[in-house]
1. In whole Hz, what ³J(HN,Hα) sequence does the stretch 94-109 give by Karplus (6.51, -1.76, 1.60; θ = phi - 60°), x for Gly and Pro?
2. Quick one: with all protein chains in place, what share of the accessible area of the chain is carbon or sulfur, to the nearest percent (1.4 Å probe)?
3. Before I look further, what does the chain give for accessible area per residue, probe 1.4 Å, in whole square angstrom?
4. How far is it, in nm, from the label point at GLU121 to the one at TYR101 when both lie 7 Å from their Cα along the line to the Cβ?
5. Mind jotting down the distance between the C-alpha centroids of the stretch 92-155 and the stretch 27-63, whole Å?
6. State the answer as a single residue: which of TYR30, LEU108, VAL19 lies farthest towards the positive end of the charge dipole of the chain, with beta carbon charges of +1 for Lys and Arg and -1 for Asp and Glu, about the Cα centre.
7. Show which aspartates and glutamates lie in cross-link reach of LYS124 when reach means a straight Cα distance below 14 angstrom and same-chain residues fewer than eight apart are skipped.
8. Classify the stretch 37-98 from the C-alpha gyration tensor, please: rounded if a/c falls under 1.5, else prolate or oblate depending on whether a/b exceeds b/c.
Amino acid sequence: NRQYLTKRVMDIAGSLITVILTIILGPLIYIKSPGPIFFTQKRVGKNGKLFKMYKFRTMYLDAEERKKALLEQNRVADGMMFKMEDDPRIIGSHFDANGKYVPGIGNLIRKLRPPTVDEYEKYKLHHKARLSAKPGITGLWQVSGRSDITEFEDVVKLDTAYIKDWSIGKDFRILVKTVQVVLMGKGSM
């Protein structure tokens with residue numbers, strides 16, 4: 001199948017980019033927050049299958065403990081995901097003397113988000129439809145105003161629309177838009 005082969009080539013290219021990014025980002029992460037460069041966590045992937053996800057560590061080592069104190073600042077009202085503005089748990093971020101949030105290296109690399117196990121356990125049946133495809137480094141909702149989307153149902157609608165209307169062309173457009181989002185800093189979290 002030609003589409004499968006093309007998608008596989010894109011996966012391999014993504015892996016090569018990850019190796020290059022490790023060489024560049026690894027030392028920056030370690031300098032700002034000594035400790036492991038990678039973070040591992042159980043996540044939920046295609047068809048609800050659990051897997052161990054490895055990603056660049058973008059948060060300080062005590063981020064999960066600090067999250068409990070920040071729950072009231074969650075921008076997703078139903079608690080199906082955790083998002084907050086100016087997250088102090090992100091590596092290198094801080095507030096300047098005027099109280100303005102200054103993003104750090106962790107803000108630049110926070111892009112991959114398959115659901116955590118505790119998020120998945122809250123899913124209703126129609127939410128699980130978004131897991132009929134393998135999670136990736138970017139997606140339609142990530143480039144459609146990710147920072148402004150605060151309703152989980154909107155995330156689900158965008159993810160399921162992507163799955164129903166998938167094409168290589170759409171993947172390419174999402175990748176181009178991802179680069180724009182990363183460079184411009186808009187629409188990402």
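The values are calculated or read from the model by the stated rules, or taken from the named source; none is laboratory data. Fair warning: this is a prediction, and the values are worked out from it, not measured in the lab. Methodologically, a virtual Cβ is constructed for each residue, glycine included, from the backbone with ideal geometry; neighbour enumeration extends over all protein chains shown. Please note that ligands, DNA and RNA were not included when accessible areas were found on the heavy atoms of the full protein model with its side chains. Shrake-Rupley method; radii C 1.70, N 1.55, O 1.52, S 1.80 Å.
1. Coupling constants for the stretch 94-109: 6, 9, 6, 4, 8, x, 8, 6, 10, x, x, 4, x, 5, 6, 10 Hz.
2. Result for the chain: 61 percent of the exposed heavy-atom area is carbon or sulfur.
3. On a per-residue basis, the chain sits at 62 Å².
4. 2.8
5. Answer, in whole Å: 14.
6. VAL19
7. ASP78, GLU153
8. Verdict is oblate for the stretch 37-98.
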